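The structure under discussion appears below in the form of structure tokens.
Each reported figure results from applying straightforward, stated rules to the coordinates on display, with no laboratory input. Note that the coordinates shown come from a computational prediction; the quantities given were computed from them, not determined experimentally. Here the Cβ is made from the backbone with ideal geometry for all residues, glycine too, and neighbour counts use every protein chain on show.
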Amino acid sequence: MTTAEQATHIILGQQMLYGTELVPFHKAMGRILAEPLHSDRDMPPYNRISMDGIAISFAAYENGVRSFTIAGTQAAGDQPMEIATPGECIEIMTGCALPATTDTIIPYEELDIANGIARIVAKNVSKGQNIHYKGKDRRQNDELVPAGRIIDATLTGVAATVGKNALLVRKLPRVVIISTGDELVDIHEMPADYQIRRSNNYVIWATLQQYGIAADMLHFPDNIALIERELHRCLQEYDVLALSGGISMGKYDHLPAAMELLGVEKLFHKVQQRPGKPFWFGRRDKKIVFAFPGNPVSTFMCLHRYMLPWLDASLGITRAETYAILAEDVGFTPALTYFMQVMLRVNKKGELLASPMQGNGSGDLANLLETDAFMELPAERSNFTKGEVYKIWKFK
């Protein structure tokens, strides 16, 4: 049986590149930047005023001048004004460009202003204070954002700042989510006593939305001829097939046989883990197939533990591994990698603690509402001690 580590190695060895495309920057949220962004000019592009107040020549202050005649008022966006004599000042606002004949800003809080005269009441004034100098943040052509970053609100702001109204992003794979089984009905239907509503497909669909992937969804009844025909079509039209159910040892688990008939190479079937032991993974040409077990927690765990890291690798996303401290002793006897549901909290030392949250098996989807992550406990051990550190797979 394939170990969790071996399954990871096999899956990540099948990462794909789907090319790039230009999209409007304001529609690129959640996408992956495929090119670095550079500053098109110095940042800030001019000596920028950072406090409302007056602009003076520090030489005048140094020579004992404390009261200045206001020569005019400059608003942000105005052409810079100038002073004609050292005894003058410009009343100036945050965001303005610094007048060339001034070099120091005195904020309103340190002034008395009356009858067109601004008197400095501050005890200490430093030359150049309250000025954000040109190029202090970045110089023209500096790299601001490397390729591979997830586009979020801050990156969108940077793109707007440098005039990038279209961004080159990684193309997303075409994904179809397929559920199987006569016991499943759609969300809007009333199930019979022996049926349940489909949920795994919606969980996968909602998770992929975080990447900007609008996956299609299909459902196949337990009909081998229909399954073969529809899978053949899906392998033509989509890059990635994410299936849920139909891959175990039951009489109506048709997917493994159908995949073999369609020429999909099985790279592994069954992983030494709980939950998600029947997990199946394969490939035909450049088409990738993830076939998850039908139990909701199994699908959810395999999605986060295996498919999302593969998607990250294919899109060029690098994420830091996360670890947590086990908050209490745990025993798990089977020689399987155990992905234990945990609730996370941070203590006063800033340590991330993971508390086990026992559910009612891999069918207990509701238990995921109370948990935050899966903690990966190695198969070669049966007892795990409070205070030990293990890797976690966060889903919240």
Task: Rough spin-label spacing in nm, given labels placed 7 Å along Cα→Cβ, for Leu12 and Met93 - done: 5.4
TODO: Could you tell me which of Phe58, Pro107, Cys89 has its Cα farthest along the dipole of region 48-132 towards the positive end, charges placed at Cβ (Lys, Arg +1; Asp, Glu -1), taken about the Cα centre?
DONE: Phe58
Task: Phi-based couplings in Hz for region 383-396 (Karplus 6.51, -1.76, 1.60; Gly and Pro marked x) - done: 10, 10, 9, 3, x, 6, 10, 9, 6, 10, 10, 7, 10, 9
Open item on the list: If the only charges are +1 at each Lys and Arg Cβ and -1 at each Asp and Glu Cβ, what is the size of the charge dipole of region 48-132 around the Cα centre, to the nearest 20 debye?
Closed with: 180
Task: Value of [θ]222 nm, deg cm²/dmol, for the chain, DSSP H segments ≥ 4, -39500 (n - 2.57) each, nearest 500 - done: -4500 deg cm²/dmol
Task: Additional length obtainable on full extension of the chain from Lys348 to Arg319, 0.36 nm per residue less Cα span - done: 7.9 nm
- [ ] Could you tell me which of rounded, prolate or oblate describes region 322-394, using a ≥ b ≥ c as the square roots of the eigenvalues of the alpha-carbon gyration tensor, with rounded for a/c under 1.5 and, failing that, prolate when a/b is larger than b/c and oblate otherwise?
- [x] oblate
Open item on the list: Based on C-alpha coordinates, I'd like the Rg and Dmax of region 69-181, in Å.
Closed with: 23.7, 87
Open item on the list: Restricting everything to alpha-carbon atoms, can you work out Rg to Rh for region 48-132 with a Kirkwood hydrodynamic radius?
Closed with: 0.91
TODO: For the chain, build the convex hull from the C-alpha positions and give me its volume per residue in Å³.
DONE: 203
Task: Protection proxy ranking of 265-271, 152-158 - average other beta-carbon atoms within 10 Å, highest first - done: 265-271, 152-158
TODO: Could you sort 129-142, 332-345 so that the peptide with the highest average Cβ count within 10 Å comes first and the rest follow in order?
DONE: 332-345, 129-142
TODO: Return one number: the angle in degrees, 0 to 90 and rounded to the nearest 10, between the long axis of the Cα atoms of helix 224-237 and the longest principal axis of the Cα atoms of the chain.
DONE: 30
- [ ] Give the long-range amide H neighbours of Met217: residues separated by 5 or more places, or on another chain, with amide H under 5 Å away, using H modelled in the peptide plane at 1.01 Å from N.
- [x] Ile177
